[in-house]
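Structure first, then comments.
The values are calculated or read from the model by the stated rules, or taken from the named source; none is laboratory data. Everything numeric here is computed off the predicted structure, so don't read it as measured data. Ideal geometry is used to build each Cβ from the backbone, glycine not excepted, and the neighbour counts take in all protein chains shown. We work out accessible area using only protein heavy atoms, side chains counted, and drop any ligands, DNA or RNA first. Shrake-Rupley method; radii C 1.70, N 1.55, O 1.52, S 1.80 Å.
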Amino acid sequence: MSEDKAQEQNSIPTSKVQRSAKFVKTGLKVGGNYIKHYSKKLFNPDLDRTELNEDNATDIYESLSELKGSALKVAQMLSMDKNILPKAYVDKFSQSQYNAPPLSGPLIVQTFKKYFGKSPEQIYDQFNLKSTNAASIGQVHQAMLNGQKLAVKIQYPGVGDSISSDLKLVKPFAFRLLGMSEKELDVYMREVEERLLEETDYELEVRRSIEFSNACSLLNNVVFPTYYPELSSKRIITMSWLEGQHLREFLQTNPSQELRNQIGQALWDFYNFQQHELRAVHADPHPGNFMITPDGKLGIIDFGCIKEMPEDFYYPFFSLTSTNLLDDKDETIKAFRKLEMILPNDTPQQIEFYYNMYRQMISLFAKPYMSNTFNFSQTAFFDELYGFGEMIARMPEFKQARGVKHFIYVNRTNFGLYNILHELQAEVRTDTYKPHLINVAE
């Protein structure tokens with residue numbers, strides 16, 4: 001009992017001063033790690049950065065875990081961009097997909113009183129003050145009402161109000177870790193801020209969850225909780241409880257290939273139906289947002305992050321990945337210009353360089369779309385994909401911001417989907433929901 005108490009968090013730094021003090025302290029620790037690293041390097045010139053990266057990742061992650069919210073969310077996002085960060089950061093930050101220290105009981109009751117004027121016990125027949133899981137923006141509690149088991153998601157205090165200031169504080173860390181140019185980092189952070197502001201608006205999430213779960217209800221082997229708007233507010237969501245296992249637990253049960261393929265197919269259909277039929281997509285494909293139910297279906301439990309795809313992005317992007325457009329150099333360059341991958345002031349040499357690099361990258365990324373079925377267990381495909389990503393991440397030509405902002409979440413979504421399918425080792429039919437394209441020779 002006392003051990004649990006020690007791991008509970010009784011307060012969250014909510015003011016700008018408290019939160020920036022936490023970052024300054026972490027910055028000093030990271031600075032100390034660099035000094036330690038370079039001192040050791042004097043005596044051992046061959047020393048690589050593994051230990052330095054591990055120390056920094058631990059210190060930054062601990063600090064972000066306490067601050068929760070957007071700071072931790074950025075860490076979670078970066079852990080999915082496997083070709084951007086050193087391995088130590090990916091390993092550490094991906095913990096935020098599953099765990100963060102939970103909030104204490106009094107803070108939970110306080111949140112309910114603020115939004116409903118009542119304590120949880122006055123609203124539900126039963127309410128468990130101990131959370132079942134805690135993530136970056138909120139934590140989930142079990143409750144009962146009229147004999148029905150419910151999941152109640154409560155947002156951490158101060159998270160929604162501190163997004164902009166937090167992202168400014170995260171910026172120097174992101175700058176150091178990502179090596180992006182100032183302009184590129186600004187575009188990245190602005191897009192992240194926009195999505196996070198939506199993600200902390202739980203009333204918006206309930207509306208979207210109902211809308212998306214209704215639209216996707218025709219899909220095979222995909223299930224959703226029922227949402228209760230009358231028991232939800234700006235910082236609290238009540239939904240029915242979905243029984244099941246997270247992906248990691250599911251894979252530990254050594255499921256059959258048939259079941260892996262069934263879950264993989266459900267996941268593929270869920271994403272491609274949204275991209276091509278709804279033009280908006282659940283843009284947070286980390287494993288913590290899915291459950292595998294006892295009857296082998298895919299449960300979707302979080303619609304906080306939705307990315308809408310405007311037509312001027314959708315058509316050029318999917319005509320590149322899903323048709324033979326790449327065989328036509330002039331048309332491909334035209335699409336690259338629309339997507340700002342080739343810029344107006346590029347010299348003929350730069351146009352040729354970026355045309356070749358992006359063509360290679362898209363040909364690789366589009367492989368699953370180019371045949372009717374695809375086996376995601378192939379490590380060669382992923383080695384090639386990430387190897388290429390790592391290679392271009394080191395090239396000075398890619399330090400400059402390229403590509404419209406929509407790439408940030410659309411790439412994250414599709415790479416996240418590929419990664420989960422790879423973990424599942426699934427083989428899926430990729431011709432179930434195809435892009436709708438205009439003015440493109442099929």
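Rounded to the nearest 0.05, what FRET efficiency is calculated for GLU390 and LEU185 with R0 set to 22 Å and r the Cβ-Cβ distance?
FRET efficiency, GLU390 to LEU185: 0.65.
Counting Lys +1, Arg +1, Asp -1, Glu -1, what net charge surrounds TYR354 among other residues with beta carbon under 12 Å of its beta carbon?
Local charge sum for TYR354: -1.
Nearest 0.05, what FRET efficiency do LYS149 and TYR115 give at R0 = 22 Å with Cβ-Cβ as r? Please report the intermediate quantities before stating the final value.
On the way: r = 22 Å, r/R0 = 1.00.
Given R0 = 22 Å and the Cβ-Cβ separation, E is 0.50.
Would you mind working out the magnitude of the charge dipole of the range 344-442 relative to its Cα centre, with +1 at each Lys and Arg C-beta and -1 at each Asp and Glu C-beta, to the nearest 20 Debye?
Result for the range 344-442 is approximately 300 debye, rounded to the nearest 20.
Looking at the range 244-442, I'd like the Rg to Rh ratio, where Rg is from alpha-carbon atoms and Rh is Kirkwood's inverse mean 1/r. Write down the numbers at each step before the final one.
Values: Rg = 17.6 Å, Rh = 17.9 Å.
Looking at the range 244-442, the ratio lands at 0.98.
State the Kirkwood hydrodynamic radius of the range 332-442 in Å, one decimal place, computed from all pairs of distinct Cα atoms.
Every distinct Cα pair counted, the radius reaches 15.7 Å.
So if each residue of separation counts as 0.36 nm, and I subtract the Cα-Cα distance between GLU194 and THR432, what length gain in nm does that give?
My answer for the length gained is 82.5 nm.
Calculate the dipole size of the range 244-442 relative to its Cα centre from +1 charges on Lys and Arg beta carbons and -1 charges on Asp and Glu beta carbons; express the result in debye to the nearest 20.
With Lys and Arg at +1 and Asp and Glu at -1, about 300 debye.
Which order do the peptides 307-319, 345-357 take when ranked by the mean count of other beta-carbon atoms within 10 Å per residue, highest first? Walk me through the numbers before you get to the answer.
On the way: 307-319: 18.0, 345-357: 12.7.
In decreasing order of mean packing, 307-319, 345-357 become 307-319, 345-357.
Quick one: how many lysine pairs in the range 244-442 have C-alpha atoms under 27 angstrom apart, if they're 8 or more apart or on different chains?
Qualifying lysine pairs in the range 244-442: 26.
Charges at C-beta only: +1 for Lys and Arg, -1 for Asp and Glu. How large is the resulting dipole of the range 177-285 about its Cα centre, in Debye rounded to 20?
Value, rounded to 20: 220 debye.
Give me a comma-separated list of calculated 3J(HN,Hα) values for the range 275-289, in order, Karplus coefficients 6.51, -1.76, 1.60 applied at θ = phi - 60°, integers in Hz, x for any Gly or Pro.
4, 9, 9, 9, 6, 8, 9, 4, 9, 10, x, 9, x, x, 8
Of the heavy-atom accessible surface of the range 244-442 (probe 1.4 angstrom), what whole percent is carbon and sulfur?
After summing per-atom areas, the C and S share lands at 49 percent.
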